[in-house]
Amino acid sequence: AASAVMFARTRTAAAAAGALVRAARSPLGAERAFGALAGRRAGVECASSSVMRFCAREYSSAVRARMVGWAHASRRGFASDGVKSERSLTEALLEEHAHESAAYEPSETATAGPPAPFELHETKGDAEVTLTRKFGDNDAEEVTVTFIAQEDPYEEDDFDDEDFDIDAEAEDGTTEDDDVDGLNDDEDAITISFNVVVSKTDGSAYLDFDCLTDGEIIEIRHVGFEAFDEVNPVIGTTYSGPNFEDLEESVQDKFHDYLEERGINADLANYIIEAHLDKEQREYTSWLERVAHFVKK
């Protein structure tokens, strides 16, 4: 029952809660949160009272930040009054770097590291983050979780829907948004995609899960299976597996249980969100510094 709740498929309220939690932690997110609450999300209830309290506290901080002009700055909260100055590009980049370095503080969750026994693997300059652990008798399996801490430079809401005919109806009467299986029921909801590979340590086979999370709920989108047969190798295209939503509900539930047994649970989902934000912020700050040195005369 607990598993069913954790991986519930009715996600509108929980997705809204997760989005607000993330939104309150960055200047851009604060801006979006204002727009979201002014629009459809006004009145949407959070998934739990604890999440509701957290959303309210974080959003209040964002409100205060906006009142002092934080959210009126640039996409990353750059301290600028909008008046054209004589600063060079290098000076502007270094000022932004100093601002971000001073303003940012990682969350306790990100600082504490992944839930045990997962181990964190990352490299400065590389947006890919990997978490690994062993599982089973004699550590017969290895579980690898991977996500990319990289903002999409061309987010959908940066474009005019009418220009790209995003909401145009297809012949069957559905729209492009309908095909996302409810994930974008609230277009302001923010989710992070990640990959889970459960492999036999002898290298004989593995399961490959494509997942999404909003920091509380985990959704499986696809499960692939690969086995290595040196005697009768597959020639051509390996069958990738069915659409996950087409599986019997009982089978879907058992896949969720399978992942939960291996530590892919709400605690890890929360860490993925926080680690994603932390890694992306650190890489952004580093990028500012490196580009400033490159363009320096």
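The values are calculated or read from the model by the stated rules, or taken from the named source; none is laboratory data. Quick caveat: nothing in here was measured; it's all calculated off a predicted structure. Please note: Cβ atoms are built from the backbone with ideal geometry, for glycine as well, and neighbour counts cover all protein chains shown. The protein model used for the area step is the full one, side chains on, heavy atoms only, and it has no ligands, DNA or RNA in it. Shrake-Rupley method; radii C 1.70, N 1.55, O 1.52, S 1.80 Å.
The dipole here belongs to the stretch 247-297: it is taken about the Cα centre, uses +1 on the Cβ of Lys and Arg and -1 on the Cβ of Asp and Glu, and is about 820 debye.
Heavy atoms of the protein chains alone define the surface here; on that basis the stretch 186-297 has 55 Å² accessible area per residue at 1.4 Å probe size. Accessible area per residue (1.4 Å probe, heavy atoms of protein chains only) ranks 247, 259 as 247, 259, with the largest value leading.
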